[in-house]
Structure formats: structure tokens, C-alpha cells
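Trainee: This is the structure, below, for whatever I ask next.
Bear in mind these aren't lab numbers, they're just calculated from the coordinates by the rules spelled out. What you see is a predicted model; the values in this text were computed from it and never measured. All Cβ positions, glycine included, derive from the backbone under ideal geometry; neighbour counts span all protein chains shown.
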Amino acid sequence: MYARIAGVGSFLPGQPVSNNDLVQRGVDTDDDWIVARTGIKARHLAEPDCTSSDLALEACRRALESAKTEVDEIDLIIVATSTPDFIFPSTACLLQSKLGNHGAMAFDVQAVCSGFVYALNIADKFIRSGSHKKALVVGAEVFSRILDWDDRATCVLFGDGAGAVVLEASEKPGILATAAHADGSHHGILSVPGSICGGKVVGDPFLRMDGQAVFKFAVRVLADVAKECCEVAGIASHAIDWLIPHQANIRIIESTGKKLGLGMDKVIVTVDHHGNTSAASIPLALDAAVRDGRVQRGQKILLEGVGGGFTWGAVLLEF
Ligand code: ACO
């Protein structure tokens with residue numbers, strides 16, 4: 001028994017906000033710097049009353065439609081997010097209520113930009129154990145809420161969005177191998193070291209990052225975990241059809257592809273359209289590539305992510 005992706009969907013709020021739009025809004029930056037260092041040309045920013053569960057709802061409706069699945073068939077909902085609507089109830093429970101599903105097991109996973117591969121890894125275990133049959137696995141973020149818009153080194157990098165898959169029990173091949181790791185000793189290079197509580201700011205509630213340390217760490221572990229996952233499945237890394245990495249930065253993506261012996265013609269890149277949407281970035285890229293026909297049934301796809309914690313992981317699947 002495999003866990004197989006039956007359908008994919010994604011959602012980006014509002015109109016794209018270009019790098020020049022950020023300059024117009026007062027950010028001390030320029031299009032050339034952002035494009036050269038990150039590959040990002042635009043991002044989407046949710047309206048103030050729009051939450052992660054709202055974005056997740058739209059992505060899930062599209063994933064359910066593409067899987068030809070009714071919402072009451074879903075018996076497991078996992079939402080990967082670092083920007084939940086509330087401390088509790090979980091964003092997964094709020095999403096479940098908005099979807100009109102009753103009774104499915106529902107919970108959130110917090111692994112920052114690795115959240116979607118962590119969630120897919122978990123859902124795979126539930127489905128292969130036989131305890132659950134159809135899961136919604138979602139990455140949804142409103143990262144714009146935790147950005148310091150006066151810190152040009154971070155605010156230009158991120159955006160809001162959501163992506164989802166319907167994962168179902170199937171005799172046809174689906175997920176072939178998974179790998180996931182964390183090393184909390186690196187917590188200091190990327191964090192939100194505070195919160196807003198009862199209207200009061202406690203500590204520093206915005207994202208802080210040592211960009212160069214994150215860059216080096218990400219390139220190393222993304223190549224290692226991709227190789228590990230391919231080894232578990234008994235497949236050479238250059239034999240995969242598509243690499244769909246976390247969409248943080250084109251230079252990290254290119255370095256990873258090179259280390260794996262993959263040309264950029266085998267790598268899905270969408271970071272230019274939506275910036276770094278953390279847990280949403282991998283399903284956003286997967287959905288784009290399925291809808292434009294690059295990703296086809298039967299192909300071998302490697303999804304991989306790295307994020308704060310630090311966390312990292314990969315999922316190799318036959319689509
Ligand atoms: N616009 C214009 N200039 C800027 C900007 C900006 N938005 N941000 C920084 N600069 C300036 C700095 O002030 C500095 O100027 P100075 O030399 O006069 O002091 C100069 O650019 C170089 O700054 P650095 O921080 O050294 O720039 P670097 O080359 O390291 O690039 C970047 C920064 C793009 C963040 C890079 O370190 C990087 O890509 N890191 C990876 C981080 C990442 O992708 N994080 C995503 C979250 S983690 C994850 O998803 C895995």
C-alpha cells in the first residue's frame with residue numbers, strides 16, 4: 001500500500017507586489033539587488049483580515065477538485081504553518097470547520113520552511129499504516145505578519161500563500177522514500193525571538209536571520225538529504241524527473257541542483273513569482289508544474305525543504 005498524491009491545489013492572495021512596488025512603499029532597496037541576490041521578482045501579501053486558514057481553504061478546494069474528492073471523504077488534515085491563525089485551536093481545525101468536514105483527525109505541524117515535507121512524511125506513515133485513507137496535507141503562511149518592514153535584508157524575501165495535496169491510499173506507487181532531520185543547536189541563525197501577547201510585544205516579534213549562515217547551511221543539508229532519500233529508494237539522484245525544492249532563493253536552488261548533478265531544466269522554480277512562502281512554497285511550486293504540464297503522472301519527483309529550527313527533509317515520490 002502506498003500514499004499517492006491524488007490532486008494538487010494552491011492559492012496566492014491578491015495581486016503580485018513587485019520589487020519596484022516595495023520601493024514605492026518606502027523599502028530602501030532596488031529591483032536589481034533583489035533579483036541578483038535572490039531571483040525574487042514579486043510576492044503576494046494577504047489583506048490584514050486574511051489568515052493562514054483562509055489561504056489554506058482556497059488551496060484545499062482546488063486540491064479536492066483536482067483529486068475529484070468530496071470533503072467528507074477526508075479523514076486526516078495536517079496543516080504545516082509557522083503563522084497560525086491562533087495559538088489554538090489549530091489552523092487545521094479552523095480549516096476543517098471552513099471546509100465543512102466533521103470528524104477527521106486534524107492538527108498543525110511547525111517545522112517552518114520544512115513544514116510541508118514534514119507533514120507529507122507524517123501523512124505517509126498514517127496512510128501506509130492503514131489507519132487513514134485520504135488526507136489533506138497543506139502548507140499555508142501569512143509571513144508578511146512577522147516581517148520587520150524596516151529590515152530590508154529580510155522583508156524583501158518573503159510572501160504569503162498556500163498549497164495543498166490530497167494524499168490517498170493506493171496500490172499504485174506514490175511516496176517511495178522520506179527523510180527528515182532537525183538540529184536545534186542552529187536555532188539562533190533564523191528565528192522569531194518574541195511574540196505579541198494580549199496586545200503587548202514580548203521580546204522581538206519579527207523574523208531575524210543571519211543570511212549568510214542560513215545560505216551555507218541550506219545548501220549543505222539540501223544536497224545531503226536529497227541523496228539520502230534517493231539512496232533509500234534505490235534511485236540515482238540524477239535519474240529523478242523533477243526536483244521541487246523549497247523556494248527561498250534561486251542561488252540556493254541552483255547550488256543544490258549542481259551538487260545533485262541536475263541541470264536547471266529538471267528543477268521547478270517559482271520563487272520569482274511569490275518569494276519565500278515558507279511551508280507553502282513546495283506545494284505552490286508542485287501545483288504550478290502540474291497545471292502547466294511539466295509534471296506528469298508516473299514521473300519521479302523529489303520534494304525537499306529546509307527551514308528554521310533548523311529542520312530539513314525530503315520526499316521522493318512517483319507522481
Ligand atoms: N536591498 C539592497 N541592499 C541590501 C538589501 C536589500 N534588500 N539587503 C541588504 N542589502 C545590502 C546590505 O546592507 C549590505 O550593504 P553594505 O555592503 O553596504 O553593508 C549588502 O547588501 C550585502 O549584504 P549581505 O547581507 O552581506 O548580503 P548577502 O550577499 O549575504 O545577501 C541574502 C543577503 C540574499 C539574504 C543572502 O544572505 C541569502 O540569500 N541568504 C539565504 C537566506 C534565505 O534565503 N533565507 C530564507 C529563509 S531560510 C529558508 O527558507 C531556508
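Trainee: Which FRET efficiency, nearest 0.05, do SER195 and LYS98 yield, Cβ-Cβ r, R0 22 Å? Could the numbers behind the result be given before it?
Mentor: Numbers: r = 25 Å, r/R0 = 1.13.
Between SER195 and LYS98 the formula returns 0.35.
Trainee: Now for a different question. Given labels modelled 7 Å from the Cα in the Cβ direction, how far is it in nm from MET1 to PHE107?
Mentor: The modelled label-to-label distance comes out at 1.9 nm.
Trainee: Now, a different point. By Kyte-Doolittle mean hydropathy of at least 0.0 and Cα axial length of at least 24 Å, which whole DSSP H helices of the chain are selected? Working shown, then result.
Mentor: Details: long enough: 211-233 (33 Å, 0.77).
The answer, listed by residue number, is 211-233.
Trainee: With a/c under 1.5 counting as rounded, go ahead and sort the chain into rounded, prolate or oblate using the C-alpha gyration tensor (a ≥ b ≥ c being the square roots of the eigenvalues; past the cut-off, prolate if a/b is larger than b/c, else oblate). Display every interim value, and only then the final one.
Mentor: On the way: a/c = 1.57, a/b = 1.18, b/c = 1.33.
Oblate is the answer for the chain, as a/c is 1.5 or above yet b/c matches or exceeds a/b.
Trainee: With a/c under 1.5 counting as rounded, go ahead and sort the range 31-74 into rounded, prolate or oblate using the C-alpha gyration tensor (a ≥ b ≥ c being the square roots of the eigenvalues; past the cut-off, prolate if a/b is larger than b/c, else oblate).
Mentor: Details: a/c = 5.26, a/b = 2.20, b/c = 2.39.
Because a/c hits 1.5 or more and a/b fails to exceed b/c, the range 31-74 counts as oblate.
Trainee: May I pose another question? Label point 7 Å out from ASP28 along Cα-to-Cβ: which residues of the range 141-167 have amide N under 17 Å?
Mentor: 148-157
Trainee: Something else about it: Can you work out the base-10 log of I(q)/I(0) for the range 176-318 at q = 0.18 1/Å, using the Debye formula on its C-alpha atoms alone?
Mentor: Debye output, listed in q order: -1.00.
Trainee: Also: Tell me the net charge near TYR2. Cut-off is 14 Å between Cβ atoms, TYR2 excluded, with +1 for each Lys or Arg and -1 for each Asp or Glu. Kindly include the intermediate steps, with their values, before the conclusion.
Mentor: Values: positive: ARG4, LYS125, ARG128, LYS133, LYS134, LYS172, ARG297, LYS300; negative: ASP124, GLU168, GLU171, GLU318.
Summing Lys/Arg as +1 and Asp/Glu as -1 gives +4.
Trainee: Normalised by the number of residues in the chain, what is the relative contact order in percent for Cα pairs under 8 Å and 6+ residues apart?
Mentor: With pairs under 8 Å counted, the relative contact order is 26 percent.
Trainee: Mark the label point 7 Å from the Cα of ARG220 along Cα→Cβ and return the residues of the range 170-206 whose backbone N is within less than 20 Å of it.
Mentor: 179-191
Trainee: Still on this model: For the pair HIS187/VAL71, report the inter-label distance in nm, with labels modelled 7 Å from Cα in the Cβ direction.
Mentor: Result: 3.7 nm between the two label points.
Trainee: Let me ask something else. Could you work out the local net charge near VAL23, counting Lys and Arg as +1, Asp and Glu as -1, over the other residues with Cβ closer than 12 Å to its Cβ? Intermediate values should be presented prior to the final figure.
Mentor: Working: positive: ARG25, ARG152; negative: ASP21, ASP28, ASP30, ASP31, ASP32.
Value of the local net charge: -3.
Trainee: Ranked highest first by average number of other Cβ atoms within 10 Å, how do 136-146, 216-226 line up? Walk me through the numbers before you get to the answer.
Mentor: Numbers: 136-146: 29.3, 216-226: 20.7.
Descending packing order for the listed peptides: 136-146, 216-226.
Trainee: Taking R0 as 35 Å, what's the FRET efficiency between ARG297 and ASP151 from their Cβ-Cβ distance, rounded to 0.05? Please list the in-between numbers first.
Mentor: On the way: r = 43 Å, r/R0 = 1.24.
That pair, ARG297 with ASP151, gives E of 0.20.
Trainee: How high is the relative contact order of the range 30-116, in percent, counting Cα pairs under 8 Å that sit 6 or more residues apart?
Mentor: Working: 87 pairs, mean separation 25.7, N = 87.
Computed value for the range 30-116: 30 percent relative contact order.
Trainee: Rounded if a/c is under 1.5, else prolate if a/b is larger than b/c, else oblate: which is the range 2-172, with a ≥ b ≥ c the root eigenvalues of its Cα gyration tensor?
Mentor: prolate
Trainee: At 0.36 nm per residue, minus the direct Cα-Cα distance, what do LYS133 and ASN20 gain on full extension? Give it in nm, one decimal, please. Write down the numbers at each step before the final one.
Mentor: Details: separation 113, 0.36 × 113 = 40.68 nm, distance 4.64 nm.
Fully extending the segment from LYS133 to ASN20 adds 36.0 nm.
Trainee: Also, quick follow-up: Pick from GLY159, GLY26, GLY305 the residue whose mean-square fluctuation is largest in a GNM of the chain, springs joining Cα atoms under 10 Å.
Mentor: GLY26
Trainee: Which ³J(HN,Hα) values, rounded to whole Hz and listed in residue order, are derived for the range 130-135 from phi using the Karplus coefficients 6.51, -1.76 and 1.60 in 6.51 cos²θ - 1.76 cosθ + 1.60 with θ = phi - 60°, glycine and proline given as x?
Mentor: So the Karplus estimates, Gly and Pro as x, are x, 6, 9, 10, 9, 10 Hz.
Trainee: Summing Lys, Arg as +1 and Asp, Glu as -1, what charge do residues with Cβ under 11 Å from the Cβ of THR178 carry, THR178 excluded?
Mentor: Working: positive: LYS125, ARG128; negative: ASP124, GLU228, GLU304.
Taking every other residue near THR178 into account, the sum is -1.
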